[in-house]
Structures are given as structure tokens and as C-alpha cells.
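To start, the structure under review is shown below, and the notes come after it.
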């Protein structure tokens, strides 16, 4: 994980800690809120960064990292689960990732 993401991410505690999950979100995005609610409803621990609430330089570094590491379009929410990623709100893919984590 990028050091800048590690430094900025806020943790939401949960009893399900089987996967290392970080989501990049926008604080006002309804799909991002649904993603956070999906994780909370399942008591899954995760970290998040609301990219609309950080400095422009930090946001630029994060976006460059995501493009380089995942070779993916950037859309929110952007979930990183261990070393896999899901772009956009997609509960079906979230379920697949959680099941493959053994928890």
C-alpha cells in the first residue's frame, strides 16, 4: 500500500478482520456511503480516505499510485482488498472477495 494512503487512512473497527481493506471515497458520494454501510453491516474492519478532504498534492500522489499499481480507471468508491481491487460500488464483487479471504 502507498505510504501516503497508510498515513491518511482512518480505521473503522470491525470484528471481521480477515482481509486488509482500504477504500478511497468521496465524502458526499452516495455509492461511497453505500460501500461503507455494506462493510459496516457485515462488521468488517476497513480503512478509508475521503479524497475530497485531503490536499491536492496528496490526492495527485494517490491517483498516480492507483493508476500505476492497478492499471485501472479511477472511480469511487475504489476498494483495495489485499492486493485485489474493485472500482465502483459492486456488492457482488465484494462478496466474492470476502469469501476468498477465509473469514
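Throughout, read-outs are computed from the coordinates displayed, never taken from laboratory work. Here the structure is a predicted model, which is why all the values come from computation and not from measurement. Neighbour counts run over all protein chains shown; Cβ positions are idealised from the backbone, glycine included.
Some notes on this structure:
- Taking 42, 19 and counting other C-beta atoms within 10 Å, the order from fewest to most: 42, 19
- Beta bridges per DSSP with both ends in the range 3-100, % antiparallel, nearest 5: 70 percent
- Taking 0.36 nm per residue of sequence separation and removing the Cα-Cα distance, the residue 12/residue 87 pair yields an extension gain of 25.0 nm.
- Working note: 222 nm ellipticity from helices only, DSSP H runs with n ≥ 4, each -39,500 (n - 2.57), summed and divided by the residues of the chain, gives -12500 deg cm²/dmol to the nearest 500.
- Only Cα pairs under 8 Å and 6+ residues apart enter the sum, and on that basis the relative contact order of the range 3-100 stands at 33 percent.
- Length gained when the stretch residue 60-residue 41 is fully extended (0.36 nm per residue, less Cα-Cα span): 3.7 nm
- Cα long-axis angle, helix 56-70 against the chain (0 to 90 degrees, to the nearest 10): 60 degrees
- Working note: Cα gyration tensor of the range 56-103, eigenvalues times five, square-rooted, sorted largest first, giving semi-axes of 23, 11, 9 Å.
- Kirkwood hydrodynamic radius over Cα pairs of the chain, then Stokes diffusion coefficient at 20 °C and 1.002 mPa s, in µm²/s: 157 µm²/s
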